[in-house]
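To start, the structure itself, in structure tokens.
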Amino acid sequence: METVLQVKDLTKLFRQGRGEAVTAVDRVSFSVHKNEVVGLLGPNGAGKTTTIKCIAGLIKPTSGEIWLDGVEALRHPKKAMERVAALLEGNRNIYWRLTPRENLEFFVGLQGHTVGKVRGYIDELIELFDLKEKHRTPARKLSRGMQQKLALACALVRQTEVLLLDEPTLGLDVETSYELRHVLKQMAAQGERTILLSSHDMHVVQDICERVIIVNNGRVVVDDRVTNLMKLFQVSAYRFELEGPLGEEQELRLKELFPLLEVSATGHRTYIDADLKDGTQLYEVLEILKDGSAQIKSIGHKEPNLEEIFLTIVKGQLK
Ligand SMILES: Nc1ncnc2c1ncn2[C@@H]1O[C@H](COP(=O)(O)OP(=O)(O)O)[C@@H](O)[C@H]1O
Ligand SMILES: [Mg+2]
């Protein structure tokens, strides 16, 4: 498989006056194959935006290498920039006074293509993002959701080898967020674009991406296919439902055995969520519960979702 984006030992320190430097990105390495759609997932402050800005050539890394389709970006920034388009969080890279079509034509020109050759694709994007009826409206008068759709269309229309999307659905209303996700999902299914998409929302990543790179505190903690991650967790997520409260001592004993175990209660019901490796561990939990007054009502296998997987991993890192 052809690698079109490779990040090697990327590190970025921000210095703030005389204070200590913040390590926003800490020796991050990963690669993305042609036509792969990869999610960069992590809590706020994890270093996602900084990573993306470095790849997009908007900030200079402290050290490391970035390769875009065989071009070392830090040595040949101009050449590298032809290979990448970015949609940045909060910064809608569109021209306020231009209409949607004019914006798209502008970005086509920027890429050095002639508008005539890609008119069909421009029409397709206008259709896809539902910008048709607004074709005479300057971008500044569009709704925030429309502006975001247009910004994404402007990044797409350049038809670069790599597309970077930083929190593409952040702050959008439910409907626009859904529409954007739908379009991105279709694009991923067609397998004709190489996309690195960052989000702190696992649902977005789970929905769109085939592979996920989880970052925390500037470091990569997981790099795997989404389906593998789900499988890994599938066998181990259990939920115990109890009638009555869990004794304090029991809770302590359980948490000593399983630091990530969670206890919650609604009314008379107590729920214990635990990741257990095998039957022996299940037995250990039962041994502890048996000493208390609460009755076990049921033990179920929980369907994992990426959110829980993500939280488990991130919590594990903080220990
Ligand atoms: N321009 C900057 N100056 C100083 N610190 C920064 C700057 N940009 C980001 N940071 C810090 O770097 C870390 C990573 O930030 P960021 O890449 O924006 O994370 P994310 O996008 O995952 O939320 C955070 O601790 C943030 O405060
Ligand atoms: Mg960010």
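Laboratory data are not the source of any read-out in this text; all were calculated from the coordinates shown. Everything numeric in this text was worked out from a predicted model, so none of it was measured. So basically every Cβ, Gly included, is an ideal-geometry build from the backbone, and we count neighbours across all protein chains shown.
For a 25 Å ceiling on Cα separation, which of these pairs sit above it: Lys141/Lys185; Lys53/Lys185; Lys78/Lys185?
Values: Lys141/Lys185 28 Å; Lys53/Lys185 23 Å; Lys78/Lys185 30 Å.
Beyond 25 Å: Lys141/Lys185; Lys78/Lys185.
What residue among Ser143, Ser199, Ser31 has the largest mean-square fluctuation in a Gaussian network model of the chain, using Cα springs under 10 Å?
Comparing Ser143, Ser199, Ser31 in the GNM, the peak value goes to Ser143.
Compute the helix-to-body angle for 279-290: its Cα long axis versus the longest principal axis of the chain, expressed 0 to 90° and rounded to tens.
Helix 279-290 sits at roughly 50 degrees to that axis.
To check you understand DSSP bridge types, tell me what percent of the beta bridges within region 140-224 (both residues inside) are antiparallel, rounded to 5.
The answer is about 50 percent antiparallel.
Of all alpha-carbon pairs in the chain, indicate the percentage at a distance above 26 angstrom.
Above the 26 Å cut-off, the chain has 55 percent of its Cα pairs.
Comparing Gln16, Gln206, Gln147, which has the greatest mean-square fluctuation in the GNM of the chain with Cα pairs linked when under 10 Å apart?
Of the options given, Gln16 has the highest mean-square fluctuation.
Between 0 and 90 degrees, rounded to the nearest ten: what's the tilt of helix 248-257 against the longest Cα principal axis of the chain?
60
May I ask which of Lys8/Lys277; Lys149/Lys302; Lys255/Lys290 have a Cα-Cα span longer than 26 Å here?
Correct reply: Lys8/Lys277; Lys149/Lys302.
Taking the Cα centre of the chain as the origin and placing charges on Cβ (Lys, Arg +1; Asp, Glu -1), which of Leu261, Ala188, His301 is farthest toward the positive end of the dipole?
Ala188
Pull up all non-local amide H partners of Val222: gap of 5 or more, or a different chain, and H-to-H distance under 5 Å with H placed in the peptide plane.
The answer is Ile214.
With a cut-off of 8 Å between alpha carbons and a minimum separation of six or more residues, what is the relative contact order of region 6-100 in percent?
Working: 122 pairs, mean separation 25.3, N = 95.
Answer for region 6-100 is 27 percent.
Taking R0 as 45 Å, what's the FRET efficiency between Gln16 and Glu256 from their Cβ-Cβ distance, rounded to 0.05?
Working from the Cβ atoms, E equals 0.65.
Dipole of the chain (Lys/Arg Cβ +1, Asp/Glu Cβ -1, origin at the Cα centre): which of Leu68, Gly218, Leu252 lies farthest to the positive side?
Going by the charge dipole, the pick is Leu68.
Find the relative contact order for the chain and round it to a whole percent, using C-alpha pairs within less than 8 Å whose residues are 6+ positions apart.
Averaging sequence separation for qualifying contacts and normalising by length gives 19 percent for the chain.
Quick check: the angle from helix 144-157's long axis to the longest principal axis of the chain, C-alpha only, nearest 10 degrees?
Tilt relative to the chain: about 70 degrees.
For the chain, what does -39500 (n - 2.57) per DSSP helix run (n ≥ 4), summed and divided by total residues, give at 222 nm, in deg cm²/dmol to the nearest 500?
-11500 deg cm²/dmol
Evaluate the relative contact order of region 77-226 (contact order divided by residue number), counting alpha-carbon pairs under 8 angstrom at least 6 apart; express in whole percent.
Normalised by residue count, the contact order of region 77-226 is 25 percent.
List the pair-distance distribution P(r) of region 149-292, using every Cα-Cα distance, as the percent of pairs falling in each 5 Å bin from 0 up to the bin containing the longest distance, rounded to whole percents.
2, 8, 14, 15, 12, 10, 11, 9, 8, 6, 3, 2, 0, 0
Can you give the local net charge around Ser199? Use residues other than it whose beta-carbon is closer than 12 angstrom to its beta-carbon, Lys and Arg +1, Asp and Glu -1.
Local charge sum for Ser199: -4.
What's the magnitude of the charge dipole for the chain around its Cα centre, counting Lys and Arg as +1 and Asp and Glu as -1 at the beta-carbon? Answer in Debye, nearest 20.
Dipole of the chain, to the nearest 20 debye: 1660 debye.
Under 20 Å Cα-Cα from Lys79, which aspartates and glutamates qualify once same-chain neighbours fewer than 8 residues away are excluded?
Within the straight-line cut-off, Lys79 pairs with Glu2, Glu65, Asp69, Glu161.
Where both residues lie in the chain, what percent of DSSP beta bridges are antiparallel, nearest 5?
Of the beta bridges lying entirely in the chain, close to 70 percent run antiparallel.
Counting other beta carbons within 10 Å of each Cβ, put Leu165, Leu41, Leu311 in order, fewest first.
On the way: Leu165 28, Leu41 31, Leu311 14.
Lowest count first: Leu311, Leu165, Leu41.
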